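Bear in mind that the values in this text are calculations on the coordinates, not laboratory data. Here the structure is a predicted model, which is why all the values come from computation and not from measurement. Using ideal geometry, Cβ is built from the backbone for each residue, glycine included, and neighbour counts are taken over all protein chains shown.
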Amino acid sequence: MHARAIQGAEFPAAIESGIVLVDFWAAWCGPCRAFAPIFERSAAAHPDVTFLKVDTEAEPDLAGALRVSSIPTVMAFRDGIMLFRHAGLIPEDGLRSLVEQLRGLDMNEIRAKLEAPEEPDAAT
C-alpha cells in the first residue's frame, strides 16, 4: 500500500476510522523530500494503516486549521482522534514504534478520558 494524497474536503472522512498517519509537506521543502521515501516505506510495511499526504501549498486552509506551522509535520489519528503530532523528520524505526503504540491503545479508555470533565487542580 502507498501513501495517498488527499484534499481538504476529504480529510474529515479520511481520519474517521482506524489508524491514520498524515504527512503535511510541500514540494519546495528539502526535509519533506527526504522524509517522503521513509513515509512510503512505512506505508508499504503497514498495509492495515492509512497513510495520507497533504500538500500544504495546495491545501493552505486545512494546514492552517490544523495549525501546521512547519513541515514536514506528521499527525497520527485513531478513530478520528488526534493522538500524535510531530514537526520534523521521523526515522523509519520511529514510525514503526508509533504504529505499534497506536495499535496498542485502548480507545474506550481514551474516549472516556476525553469525555470526562476536567478535575480542578489540587494545587490551587
| note | Stretched fully, the stretch from Asp48 through Arg111 gains (0.36 nm per residue minus C-alpha distance, one decimal, in nm) 20.5 nm
| field | Cα-based radius of gyration of the chain once divided by 2.2 N^0.38 Å, which approximates compact folds | value | 1.12
| said: Going by average Cβ density within 10 Å per residue, which order do the peptides 89-96, 35-42 take, highest to lowest? | reply: 35-42, 89-96
| field | For Lys53, Lys113, order by how many other beta-carbon atoms lie within 10 Å, fewest first | value | Lys113, Lys53
| request: Give the angle, between 0 and 90 degrees and rounded to the nearest 10, that separates the Cα long axis of helix 30-45 from the longest principal axis of the Cα atoms of the chain. | output: 70
| field | More than 14 Å apart - percent of Cα-Cα pairs taken over the stretch 38-111 | value | 64
| field | DSSP bridge pairs, the chain: antiparallel proportion in percent, nearest 5 | value | 60
| query | So how much slack lies between Ala5 and Glu57, counting 0.36 nm per residue of separation and subtracting their Cα-Cα distance, in nm? | reply | 17.5 nm
| Simple spin-label model, 7 Å along Cα-to-Cβ: Ser70 to Glu100 in nm? | 2.7
